[in-house]
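The values are calculated or read from the model by the stated rules, or taken from the named source; none is laboratory data. Keep in mind that what you see is a predicted model, and the values were worked out from it rather than measured. Backbone-built Cβ (ideal geometry, glycine too); neighbour counts: all protein chains shown. These accessible areas exclude ligands, DNA and RNA; they are computed on the full protein's heavy atoms, side chains included. Shrake-Rupley method; radii C 1.70, N 1.55, O 1.52, S 1.80 Å.
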Amino acid sequence: MVLVQSQMFSRAIVRIPSKSVVNGLCSNNFGPPVYEQAIEQHSEYVNALKKCGLDVIVLDPDEDFPDSTFVEDTAILTPDVAIITNPGAPTRKGETKNIKSVLADFFQSIEIIKYPGTLDGGDILVHGNHYYIGLSTRTNEGGAKQLTKILDAHGMSASTVEVENGLHLKSSVAYLDNNYLVALEEYAILPQFKKFNILSIDTHEHYASNCVWINGFVLVPKGFPRAKNTIEDAGYETIELDMSEFQKIDGGLSCLSLRF
Ligand code: CIR
């Protein structure tokens, strides 16, 4: 079996939460995030990215968009091309406008997902040159087809996965490296993921299946001891971060940055 190493990252883009983050979209009853705590947790997140060796590009808050701190949803970054998404939630579509100009400094080739296709970055799981596209309430068939065509033109491949639990595909699945896939137990049994060494996460710790591999470290959310142990037992050094305020509005660790 070929062990696919994850791409080493050198940079990340993040956006500081706006005061309007308290109005972020949510599907649970945790109540609104506390702005000051969100700012503190975001700052710890940036420190963790730096500890992983990344140069962090920090964008100003955008009050017009309550969910704009979740920059991952606005673009897919590959070694050759950056793809600006068309987020599936109507209140998030405008978030892409500022990202394009930031990415233009780093990518010569920029493509765009267009209406009626919709696609959120949180639905894209990368494994080497292959991209798993989650079909969710945010990402539709049209968006998946457009992304597949763009990736194909750049020598990469894609396939789709139905997202039946969780907001995005990556709310439940994370690729680390060397064939290790962290997956919520019901995703762990999908035929598409049979070839991976699965680190299975039980339903009670579902939130922790959104973790992020960065240059050998794995960022994990605080308060999920079984998931943390499972990842550490596989040989990874974890960095635990308090994500309580972002969890309240369905945001996880991967959503807070674009890594490249
Ligand atoms: C939303 O519902 O769009 C935001 N409140 C959370 C987005 C989380 N993003 C992600 O999982 N990539």
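Conditions tested, residue by residue: (1) under 12 Å from residue 13 (Cα atoms); (2) not polar (S, T, N, Q).
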residue	(1), (2)
52	no, yes
57	yes, yes
66	no, yes
81	no, yes
91	no, no
106	yes, yes
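When the residues of the range 42-68 are narrowed to those that are in contact with a helix residue (DSSP H, G or I) (Cβ under 6 Å, 6 or more places away or on another chain) and not in a loop (DSSP other than H, G, I, E, B), which ends up surrounded by the fewest Cβ atoms within 10 Å (Cβ to Cβ)?
We begin by selecting, within the range 42-68, every residue in contact with a helix residue (DSSP H, G or I) (Cβ under 6 Å, 6 or more places away or on another chain); these are 45, 56, 63, 65-68.
From the residues that got through so far, the ones that are not in a loop (DSSP other than H, G, I, E, B) too are 45, 56.
Details: 45: 24, 56: 17.
Among those that are in contact with a helix residue (DSSP H, G or I) (Cβ under 6 Å, 6 or more places away or on another chain) and not in a loop (DSSP other than H, G, I, E, B), it is 56.
Condition first: within 13 Å of the ligand (Cβ to nearest atom) and assigned to a strand (DSSP E or B). Now tell me which residues in the range 117-144 satisfy that. Show your work before the answer.
So in the range 117-144, the residues within 13 Å of the ligand (Cβ to nearest atom) come out as 118-125, 134, 136-139.
Within the range 117-144, 119, 124, 125, 134 qualify.
Go through the residues of the range 236-247 one by one and say whether even a single one is within 15 Å of the ligand (Cβ to nearest atom), among the hydroxyl-bearing types (Ser, Thr, Tyr), under 28 Å from residue 89 (Cβ atoms) and open to solvent by less than 50 Å² (accessible area, probe 1.4 Å). The answer is yes, given that some residue of the range 236-247 is within 15 Å of the ligand (Cβ to nearest atom), among the hydroxyl-bearing types (Ser, Thr, Tyr), under 28 Å from residue 89 (Cβ atoms) and open to solvent by less than 50 Å² (accessible area, probe 1.4 Å). In summary, residue 17 fulfils each of the numbered conditions (1) part of a loop (DSSP other than H, G, I, E, B); (2) over 21 Å from residue 245 (Cα atoms); (3) within 15 Å of the ligand (Cβ to nearest atom); (4) touching a Phe, Trp or Tyr at 6+ places or on another chain (Cβ under 9 Å) with the single exception of condition (2).
Quick one: in the range 165-186, which of the residues that are open to solvent by 40 Å² or more (accessible area, probe 1.4 Å) and within 15 Å of the ligand (Cβ to nearest atom) is farthest from residue 257 (Cα to Cα)?
Looking at the filtered set, the residue picked out is 165.
The residues of the range 145-164 that are open to solvent by 50 Å² or more (accessible area, probe 1.4 Å) and in a loop (DSSP other than H, G, I, E, B), listed by number, are 154, 155, 164. When residue 34 is tested against (1) open to solvent by 10 Å² or more (accessible area, probe 1.4 Å); (2) more than 16 Å from the ligand (Cβ to nearest atom); (3) of a type in the set (A, V, I, L, M), just one condition goes unmet, and that condition is (2).
Which one is most open to solvent (accessible area, probe 1.4 Å) among residues in the range 69-81 that are more than 10 Å from the ligand (Cβ to nearest atom) and under 15 Å from the mean Cα position of the chain (by Cα)? The selected residue is 77.
Considering the range 89-116 alone, what residues qualify as being within 16 Å of the ligand (Cβ to nearest atom) and open to solvent by less than 20 Å² (accessible area, probe 1.4 Å)?
In the first step, residues of the range 89-116 are kept if they are within 16 Å of the ligand (Cβ to nearest atom); the result is 89-96, 99, 113.
Hits for the range 89-116 are 89, 92, 95, 99, 113.
Answer with yes or no whether residue 222 is out of contact with any His (no Cβ under 9 Å at 6 or more places or on another chain), within 16 Å of the ligand (Cβ to nearest atom) and of a type in the set (Lys, Arg).
Details: out of contact with any His (no Cβ under 9 Å at 6 or more places or on another chain): yes; within 16 Å of the ligand (Cβ to nearest atom): no; of a type in the set (Lys, Arg): yes.
For residue 222, the condition - out of contact with any His (no Cβ under 9 Å at 6 or more places or on another chain), within 16 Å of the ligand (Cβ to nearest atom) and of a type in the set (Lys, Arg) - is not met.
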